[in-house]
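Data block below; observations after.
The values are calculated or read from the model by the stated rules, or taken from the named source; none is laboratory data. The structure presented is a predicted model; accordingly, all values stated were derived computationally and were not measured. Cβ coordinates were reconstructed from backbone atoms using ideal geometry, including for glycine residues, and neighbour counts include every protein chain displayed. Each accessible area value is taken on the protein alone, full model and side chains, heavy atoms only, with ligands, DNA and RNA left out. Shrake-Rupley method; radii C 1.70, N 1.55, O 1.52, S 1.80 Å.
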Amino acid sequence: MQSDEERDAGVHTLPITVEYGDGEITITPTVVETGRGLVLIDVGPRGATDAIRTHLTSLGYALEDIWLVVLTHHDGDHVGGLAELLEQVDAVVATHRDEAPFLTGERDPIKSTGGDRYPPVAVDLELTGGVRIPTLAGPMAVVDTPGHAPGHISLHFPENGLLIAGDALVADGDEPLSGPKPTFTPDMDRALESVDALAALEIEHVVCYHGGYVDSGTERIREIAETRTERDLE
């Protein structure tokens, strides 16, 4: 569910249920309004473009209003539909420099993408932590959160305390907000260090790609980080 804070800030979640692998998953791409159009954060797997178009129409936008696509990382459930989207939209593609080789086809995806690898795409802009993108919600800061993927990033809006976490945090389990899933996280130690880094930010609410909007922030993220520390000391 989209909160009043998200709508007021010009940030809109686009929950989509899609077929992926042998089943269905619910994912949460997000769009952010800017002075020149929309920034789309993550795309989804193949076939997600039509659902994104439907969401944008309901918000009063067209698919063609997307001028920038930011990918949190290269997993197929986040980027598999990118080539399909780019057939219909002339958008700049941005991701962390450590993720770029997976998107361009120089390297194969680390994890299974639910079938053959997605079509390679060109990366126009390579990001690093600290980069800020102007939006109507204030500056959107790139935060390095590696572990789930080598160059995984999250996006932080300091002015309203919103974090778009990608897969650095999840909200589709028993807890309202949890750390990354070990089964799908090749470097769990680095991923948990990334949770520590997020706990140092001022966050009031979070959008997880898996689980959507959560009215929870720094206090809960610190609990996740502290639980990890306590386990390490046992």
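If the condition is being free of Cβ contacts under 8 Å to residues at least 24 places away in the same chain and among the β-branched types (Val, Ile, Thr), then the stretch 40-69 contributes Thr54, Thr57. Among the residues of the stretch 1-21, the ones that are open to solvent by 40 Å² or more (accessible area, probe 1.4 Å), modelled with pLDDT under 95 and touching a helix residue (DSSP H, G or I) at 6+ places or on another chain (Cβ under 9 Å) come to 3 in all. Screening the candidates Ala149, Ala141 for the property of being in a strand (DSSP E or B), within 22 Å of Leu169 (Cα to Cα) and not polar (S, T, N, Q) yields one hit, Ala141. Would you mind finding the one in Asp116, Asp144, Asp108 that is of a type in the set (D, E, K, R), open to solvent by 10 Å² or more (accessible area, probe 1.4 Å) and at pLDDT 95 or above? On inspection, the qualifying residue turns out to be Asp144.
Which strands (runs of 3 or more DSSP E) sit wholly inside the stretch 22-89 and have at least 2 residues that are touching a strand residue (DSSP E or B) at 6+ places or on another chain (Cβ under 7 Å) and buried (at least 19 other Cβ atoms within 10 Å of the Cβ)? In the stretch 22-89, 30-34, 37-41, 66-71 are the strands (runs of 3 or more DSSP E) which contain 2 or more residues that are touching a strand residue (DSSP E or B) at 6+ places or on another chain (Cβ under 7 Å) and buried (at least 19 other Cβ atoms within 10 Å of the Cβ).
Number of residues in the stretch 158-180 that are in a strand (DSSP E or B) and surrounded by 24 or more Cβ atoms within 10 Å (Cβ to Cβ) equals 5.
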